[in-house]
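Worksheet: the structure to be examined is printed underneath.
Please treat every number below as a calculation from the coordinates, not as lab data. Keep in mind that this is a model prediction, so the values were computed, not measured. Cβ coordinates were reconstructed from backbone atoms using ideal geometry, including for glycine residues, and neighbour counts include every protein chain displayed.
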């Protein structure tokens, strides 16, 4: 009996040490280069996720056809995180520990990014995402003092202007180009992206000496905003900022229209297609910031490439997929390795990466791009037009 | 708050409250008959919202025709669900809790099915009403909401008549008060239950169509059923009149509370008030205490 116990103990020890050895990070030097991705392929924001996937796969296909990177093919390991921060963390952990990817292209949902960010800091496999909430890249971000210097999360990168930067673009345009001075806003308090856009908008407007006359919230499942909109109507603001997801934005403008609101709608980058189909002519007269203008001649090559591959027009986040995976592959190439730490270092030092949304220079202090202009688009009926191709707002 | 805005807020609330009432009654009808909370009603609502969209967008851009077809489709969906999921359990004499579990599963199944198959696109009904605002003095009434309120009133009035005056209505009420005795008197209980599910499903179909038309269709639109369940509880489970009054009240209260204290605090106040109400008056506004609470 004693012997059996000893034997079992010895066996456990051996097994334990074997699993310890295999748990230490190993960089695979042969076989395909694995790039991870977690995205919302089902649930409310599934269109963004599936579009991002299409862009990402297109980029990888092209790279592989040209012989891959460092002589190795690139493989995308993809998990659906269903608009759930918990699922996103699970997917990220699986990519980092089991699949041992070189880097991860993360979902663009800020709530998921806020959950993944601290895990990434521990697992030390870098994440590149479009999640705009500043706290994903700089956890100590203070919305009341956005310019205070803080440390970035070493393993999280943002590849588009952040919430405060995007809010400044549309607020700046409204003040300087449209001559507005009083504003109200209606946003989803449960969505970090909407909340930080709202905070950024209010910060910029107030700093510029203009007035926020009303701030109204709703909850994630709500579809009826008539109570808030009735109050907003009475405030008679020049502009109404509506920075949420597509269906919520569409419901808000339809109801505002039904109540006869006269304020000019100001949107976020979720007002891009398919908002034209979902809201229709109710969005008439709105202005919103966007990473690209679809009539920009310098990006038409991507439209053709995408059309040829998928037989449909690219929507916003197919551009993100192309750019973000390209950014990751560029960093792997520069690092000359698939070691996540080396890839991270290369990402931090990335300057002049040519993306469809513009030239990306990563600021090592914030892990966000600096000086990236945005387009300002507008609605005329249910048609989207370009008001300014490249717009940089005045400093507040 | 000035009177105009107050009146406007109540009007906003009541029009949405009409839809809450539709959901409360559709939900309560089944509670009355089988004494369980039929969460699959939310699934019927979601399914109908999509059916209404496909009919009106791709088959025929006529409001009346697609509306009626969707209502019937909702009814048939509910009957099918009853046949496949509830009847076998009922026949085997399993406890009511099994019915509840299955109804939740059906609701989740429908939601997940649409999330996976159609979740990556947005669906909007055709524009049936061009100029959507109607001005009455200083008040602005949304024509879509007015239509919702009108339809709810007609449908619920009709249902109330059927339940009280017709033979099948009397049979439903008989089965509601005692499920085993009517069969001794030659009533086909299975058939009566099917009819009750059909009525409930028609209400679900109408709810789905109206929600889809007023908002944007997505796989989670059926989760609005929660408001209907709340209204049903306030009204006294199973009472049509109670459900209607509670639906309208809930809509108006919600609208006023959101305007005054904000969207974040509103659910806290409403849920708190419901607990207090049920402690003081467990039978709800109009109901009598149901024998099995679930």
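Rounded, prolate or oblate: which fits chain A when a ≥ b ≥ c are the square roots of the eigenvalues of the alpha-carbon gyration tensor, with rounded for a/c under 1.5 and prolate only if a/b beats b/c? Because a/c hits 1.5 or more and a/b exceeds b/c, chain A counts as prolate. Mean residue ellipticity, 222 nm, helices only, chain A: the sum of -39500 (n - 2.57) across DSSP H runs of n ≥ 4, divided by residue count and rounded to 500, is -13500 deg cm²/dmol. Between residue B:146 and residue A:30, the FRET efficiency from the beta-carbon distance, with R0 = 56 Å, is close to 0.20. Only bridges with both residues in the protein assembly as shown count here: give the DSSP antiparallel percent, nearest 5. If I count the DSSP bridges inside the protein assembly as shown, around 40 percent turn out antiparallel. Put in line by how crowded their Cβ is, counting other Cβ atoms within 10 Å and starting with the fewest, A:82, B:143 read B:143, A:82. Here, segment B:21-224 yields an orientationally averaged convex hull projection of 12.7 nm² when only Cα atoms define the hull. According to the square roots a ≥ b ≥ c of the eigenvalues of the Cα gyration tensor, what is the shape class of segment B:44-90, taking rounded for a/c under 1.5, prolate for a/b larger than b/c otherwise, and oblate for the remainder? Prolate. Please check: in the Gaussian network model of chain B (C-alpha springs, under 10 Å), which one of B:43, B:75, B:137 has the largest mean-square fluctuation. Maximum among the listed residues: B:137. Between residue A:61 and residue A:207, the contour length at 0.36 nm per residue exceeds the Cα-Cα span by 47.9 nm. Rounded to 0.05, the FRET efficiency of the residue A:310 and residue A:70 pair, given R0 = 25 Å and the Cβ-Cβ distance, is 0.30. Legend: ranking of residues A:351, A:315, B:281, A:344 from fewest to most surrounding C-beta atoms inside 10 Å; resulting order A:351, B:281, A:315, A:344.
With neighbour counts taken as other beta-carbon atoms within 10 Å, the residues A:81, A:163 rank, fewest first, as A:81, A:163. Using the Cα gyration tensor of the protein assembly as shown, with a ≥ b ≥ c the square roots of its eigenvalues, what is the shape: rounded (a/c below 1.5), prolate (a/b larger than b/c) or oblate (neither)? Verdict is oblate for the protein assembly as shown. Across chain B, Cα pairs under 8 Å and at least six residues apart give a relative contact order of 40 percent. The sum of -39500 (n - 2.57) across all DSSP H runs of n ≥ 4, divided by the residue count of chain B, sets its helix-only mean residue ellipticity at 222 nm to -23500 deg cm²/dmol.
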